[in-house]
Amino acid sequence: MRAALLRDFKSPLIIEEVPRPTPGPDELLIEVEACGVCHSDLHIADGDWTQLAGIVKKPLIPGHEIAGRVVERGAAVANLQVGDRVGIPWVHRTCGECEFCRSGNENLCLMQQITGVTVDGGYAEFLKAPASHATPIPPSLSALEAAPLMCAGVTVYRALHQVRLSPGQRLAVFGVGGLGHLAVQIGVALGAEVTAIDLANEKLALAKAFGASKTLDARSPTLIRELRAGGGFHVAIVTSASKTAYDAAFYAARPTGTLLVVGLPAENICFPPILMAAGEIRIRASAVGTRQDVRGVLEMAAAGRLRCQISSRPLHEVNSVLEELRHGRISGRVVLTPQTPST
Ligand SMILES: [Zn+2]
Ligand SMILES: [Zn+2]
């Protein structure tokens, strides 16, 4: 099968013919119809996250936003059939036994495997994955629509549910990229009044189209004053991997408000303790999601309340897609279609 391989950090991926994986007894072989390109893939390929670099499989097939069709199943698989459409997320396999798995936080499992990081992912024509962690895709969603929900969608879905964003509250969304444009929609669906902040006018226009009541230019010299003008926000979620976005978002939170950490810059983020204390600001982070969260976000999309803006590209264009992502030139989500022939 054809796959895009990461052989060395900071080098382009290499399209190669590699053996098709053989599923184990509890695994599925999945024909990959769509795989979203996430900003994390860029960090993984660059070896940016030194805390993660040691666990990255080498060589690696990246990609953790996968939608496809079951073409083969191991002897012990009972819950899914050949032909079923399934999604495979970032959380590839969990132990089911540790205290986090047992308390509804399997996304924090101490023994977890990660799709496209510790095991091969979806930048390939096929992948194998445990049937226990494959989620059926509702019939009304195409593979292209479902794929980005496996990371971008589930991440903001869990984050905004964890802070119990409620009707009438003010939500600031920093960065209207792959995650941000979904955060705007989930905020609107939860009844919040949403303000979107970004550098790019077309991304701000996209946020408006998805229901944001206000947009602000991230480059404005008076941004912090504008953010605080309405009394600040109950929740400020940062979905971009930009330290500058965090610097502004901290000041956007009203007293007792929450700065929600989702986007992951390579640099550390840092805030003045006096202001944290003075406003009793809460800082909360959220990490992708559980299988329950994956089902939740798929249901929301199937009900027409969440729509990912997607454009599809063949697998062999993966390096140019990653470069466009690096320079912030992608609106919404790019989804690779590995079944598209390369010529
Ligand atoms: Zn991701
Ligand atoms: Zn566990």
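FYI, it's all coordinate maths here, none of it is from the lab. Please read these numbers as outputs of a predicted model, since none were measured by experiment. Here Cβ is always computed from backbone atoms with ideal geometry, including for glycine, and neighbour counts include all displayed protein chains.
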If you place +1 on the Cβ of every Lys and Arg and -1 on the Cβ of every Asp and Glu, how big does the dipole about the Cα centre of the stretch 170-326 come out, in debye to the nearest 20? 360 debye
What is the spin-label model distance, in nm, from L199 to S342 if the labels are put 7 Å beyond Cα along the C-beta direction? 3.2 nm
So for R219, R7, fewest C-beta neighbours within 10 Å to most, what's the order? R219, R7
Straight-distance crosslink candidates among aspartates and glutamates, where the alpha carbon sits under 19 Å from K214 and sequence neighbours closer than 8 are dropped: E193, D198, E202, E226
About the Cα centre of the chain, how large is the charge dipole given +1 on each Lys and Arg Cβ and -1 on each Asp and Glu Cβ? Please answer in debye to the nearest 20. 820 debye
Measuring from the longest principal axis of the C-alpha atoms of the chain, the long axis of helix 243-252 (C-alpha) lies at a number of degrees, nearest 10, equal to 50 degrees
So, relative contact order of the chain in percent, Cα under 8 Å, 6 or more apart, is 19 percent
If packing is taken as the average number of other Cβ atoms within 10 Å across a peptide's residues, how do 203-210, 320-327, 63-70 rank, most packed first? 63-70, 203-210, 320-327
Sites S220 and V82, calculated FRET efficiency, Cβ-Cβ separation with R0 56 Å, nearest 0.05: 0.55
Can you give the charge dipole size of the stretch 275-343 about its Cα centre, rounded to the nearest 20 debye, using +1 on the beta carbon of Lys and Arg and -1 on the beta carbon of Asp and Glu? 160 debye
For K58, the lysines lying under 20 Å Cα to Cα, once residues fewer than eight places off in the same chain are dropped, come out as K10, K128
Expected-Rg normalisation [2.2 N^0.38 Å, Cα atoms] applied to the stretch 216-334: 1.28
Hey, in the GNM for the chain with a 10 angstrom Cα cutoff, which one of T258, T222, T135 fluctuates hardest? T222
Specify whether the C-alpha gyration tensor of the stretch 154-285 places it in the rounded, prolate or oblate class, a ≥ b ≥ c being the square roots of the eigenvalues: rounded for a/c under 1.5, otherwise prolate if a/b is larger than b/c and oblate if not. rounded
Using only helices, what value at 222 nm comes out for the chain when you add -39,500 (n - 2.57) per DSSP H run of length 4 or more and divide by the total residues, to the nearest 500 deg cm²/dmol? -7000 deg cm²/dmol
Against the empirical 2.2 N^0.38 Å scaling, what ratio does the C-alpha Rg of the stretch 13-134 come to? 1.05
Restricting things to Cα coordinates, could you compute the convex hull volume per residue of the chain in Å³? 132 Å³
Spin-label point model (7 Å from Cα, Cβ direction): what's the N105 to R20 distance in nm? 4.1 nm
If we count every other residue with Cβ under 9 angstrom of A266's Cβ, Lys/Arg +1 and Asp/Glu -1, where does the sum land? -2
